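Every number here is computed from the coordinates shown, using simple stated rules; none is lab data. Because the structure is predicted, anything quoted here is derived from the model rather than measured. Neighbour counts are summed over all protein chains in view; Cβ atoms, including those assigned to glycine, are modelled from backbone coordinates with ideal geometry.
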Amino acid sequence: MAKRDSRFVCQSCGAIHSKWMGRCEACGAWNSVIEEAVEASHPGGLSGKGGRTLQFESLDGASQTPPRALTGVAEFDRVLGGGLVAGSAVLVGGDPGIGKSTLLLQAAAALGRTRRIAYVSGEEAMDQVRLRAARLGLAKANVALAATTSVREVLSSLDARDAPDVIVIDSIQTMFVDTLESAPGTVAQVRASASELIRLGKKRGIAILLVGHVTKEGVLAGPRVLEHMVDTVLYFEGERGHQFRILRAVKNRFGPTDEIGVFEMTDRGLVEVPNPSQLFLADRRDDVSGAAVFAGMEGTRPVLVEIQALVGPPVQGTPRRAVIGWDTGRLAMVLAVLETRCGLVFANHDVYLNVAGGLRIAEPAADLAVAAALVSALGGKPVPPDAVVFGEIGLAGEVRAVSQSDARLKEAAKLGFARAFVPARRRQARGSGEAAIRIDGIEDLGTLVARLSGPRRPQSLDKAEAAS
Ligand code: TYD
Ligand code: MG
């Protein structure tokens, strides 16, 4: 009998250790290392014998574009890169309760009009899923529903000539393969279950949609390995208290990864939001200081959001910095540049930064809008309400050009904005977006501070303004 070795796998990061340890050396998680059995590897390796000889071909050979099925949920299709690819595996990750089951049930119901769908619920009983479907007005939808956690049952029912076109597995953490001893949800089980299901998908041309829960730290529970196994990884995110939900592609073998889909969670399920800017700006008040409208890009789509800053004396002893929706390190940098290059003092203030509506921004182009919100908050004077702001800030205080400025300006003009604080140098030729809006080219942060007439404003400017 082959000797059974064991190895020790961290359930948090997937790192493999040769011995058990209380704390994973790779990621630092406590009590995450679990023993797994491995079959002893083949002695002598694979060198040189057997196996098919590969036929190498040139890159410009004939190829097929993969067939796609539109799910009928337009925002979902956009993030997938134009619909669901047959035989592909898609992982939809997100916090518990964020709306993954709702999204997939709605997509399954919409797909059910043209394709055959199987929805396998490992988390909820049939009645619960039916109840949700009824609440969503989808009770009549053409979706085949089953409740099980056994991958063997799924395979023996669906590995057939008349297999469905799409299988939804909700969730992969509840599934188990009975040849493994470890409990459902462990790295070994999740990996084995996913690989069996993906193999089924590839063999029969079935698109597999896997739901995956995310831990508090924001990684897909346990297995980063899962991300490598699937073709597409989508994250469904949003603040629980907000009604907005954002579907974001972080990996996509069949499309772009920077597209987002925007949804609103209502009492009748998820409603698509075709024009997110309008939604994100809906509750804006234009007479308060500390707010600036950032003209951002999410994939190919411009999205306008309000960036809010609050600056004040420390509530407790040491000044706090708190950020929601943006990068803490990036805020520290913008604050440092404002202090060093413009002489503004934030060191003895609490600073709070918030991206309104629950959106998370990753673009450096938001730097200038953040700076505008901070300067306005510190000086107590509102940023002109009809202005949008974008631009990247360098450590010398210079404002750097960003991509797609024309698309940003066009969206701003469409929503009624009349002026824009943008980098003085533009990366692309001036397009029609610039004709529609008054451009205020900003060379460096000092210029921005002067425009927003924050504190330490040169007196000459005040006089000039008073005279005009
Ligand atoms: P769910 O899809 O079960 O989340 P997940 O599968 O990601 O765990 O959604 C759970 C939340 O969504 C729940 O708190 C209630 C809310 N919800 C609505 O607000 N409206 C609805 O129509 C539905 C079905 C759910
Ligand atoms: Mg669920």
Inset, instruction - Taking amide H positions as placed in the peptide plane 1.01 Å from N, state which residues far from Gly296 in sequence (5 or more) or on other chains have amide H under 5 Å from it. - result: Val303, Leu304, Val305
Inset, instruction - Can you tell me how much longer the chain between Arg135 and Arg438 gets when fully stretched, taken as 0.36 nm per residue apart minus their C-alpha distance, in nm with one decimal? - result: 104.3 nm
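Relative contact order of the stretch 190-333: what whole-number percent is it, with Cα pairs under 8 angstrom and at least 6 residues apart?
Taking the mean separation of contacting Cα pairs over the length of the stretch 190-333, I get 11 percent.
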Legend entry - Förster-model FRET efficiency, 51 Å R0, Ala37 and Glu339, C-beta, rounded to 0.05: 0.35
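Quick one: order Thr114, Thr232 by neighbouring beta-carbon count within 10 Å, fewest to most. Can you show the working numbers first?
Details: Thr114 13, Thr232 25.
Listing Thr114, Thr232 from fewest to most nearby Cβ atoms yields Thr114, Thr232.
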Legend entry - J(HN,Hα) series, the stretch 181-187, from Karplus relation 6.51 cos²θ - 1.76 cosθ + 1.60, nearest Hz, glycine and proline x: 8, 5, 6, x, x, 6, 3
Legend entry - Karplus-derived HN-Hα couplings along the stretch 414-425 (A = 6.51, B = -1.76, C = 1.60, θ = phi - 60°), whole Hz, x at Gly and Pro: 4, 8, x, 7, 10, 9, 9, 8, 9, x, 5, 8
Legend entry - Nonlocal amide H pairs with Gln404, under 5 Å, H built at 1.01 Å: none
Inset, instruction - Would you mind working out the magnitude of the charge dipole of the chain relative to its Cα centre, with +1 at each Lys and Arg C-beta and -1 at each Asp and Glu C-beta, to the nearest 20 Debye? - result: 480 debye
Legend entry - No Cys partner within the rule (Cβ under 4.7 Å), the chain: Cys342
Inset, instruction - Would you mind pulling out the separation of the Cα centroids of the stretch 227-274 and the stretch 308-340, in Å? - result: 29 Å
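If r is the Cβ-Cβ distance from Arg425 to Ala450 and R0 is 25 Å, what FRET efficiency results, to the nearest 0.05?
Numbers: r = 18 Å, r/R0 = 0.73.
After rounding to 0.05, the efficiency reads 0.85.
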Inset, instruction - Under 22 Å between C-alpha atoms is the cut-off here; go through the chain and count lysine pairs that meet it, provided they're at least eight residues apart or on different chains. - result: 7
Legend entry - Where labels lie 7 Å past Cα in the beta-carbon direction, separation of Trp20 and Arg152 in nm: 2.7 nm
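Considering only DSSP beta bridges with both partners in the stretch 42-198, what is the antiparallel share in %, to the nearest 5? Before the final figure, lay out each step's value.
On the way: 2 of 13 bridges.
Looking only at bridges with both residues in the stretch 42-198, the antiparallel portion is about 15 percent.
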Inset, instruction - Compute the distance in nm between two label points, each set 7 Å from the Cα along the Cα-to-Cβ direction, one at Gln243 and one at Val288. - result: 1.9 nm
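With r defined as the distance between the Cβ atoms of Ala160 and Ser195 and R0 fixed at 30 Å, what FRET efficiency is calculated, to the nearest 0.05? Mind dumping the intermediate values first?
Working: r = 20 Å, r/R0 = 0.66.
Computed FRET efficiency for Ala160 and Ser195: 0.90.
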Legend entry - Vicinal HN-Hα couplings computed from phi for the stretch 334-347 (Karplus, 6.51 cos²θ - 1.76 cosθ + 1.60; Hz; Gly/Pro x): 4, 4, 5, 5, 4, 5, 6, 8, 10, x, 7, 10, 10, 4
Inset, instruction - May I ask you to compute the full-extension gain from His228 to Arg253, defined as 0.36 nm times their residue separation minus their alpha-carbon distance, rounded to one decimal in nm? - result: 7.9 nm
Inset, instruction - Let me know the charge dipole size of the stretch 70-274 about its Cα centre in debye, to the nearest 20, where only the beta-carbon of Lys, Arg (+1) and Asp, Glu (-1) is charged. - result: 460 debye
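Find the relative contact order for the stretch 50-119 and round it to a whole percent, using C-alpha pairs within less than 8 Å whose residues are 6+ positions apart. All intermediate terms of the calculation are to be shown ahead of the outcome.
On the way: 43 pairs, mean separation 20.0, N = 70.
Reported relative contact order: 29 percent.
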Legend entry - Helix-only [θ]222 nm of the chain, DSSP H runs n ≥ 4, -39500 (n - 2.57) each, per residue, nearest 500: -7500 deg cm²/dmol
Legend entry - Full-extension gain in nm, Glu57 to Thr266, via 0.36 nm per residue minus C-alpha separation: 70.1 nm
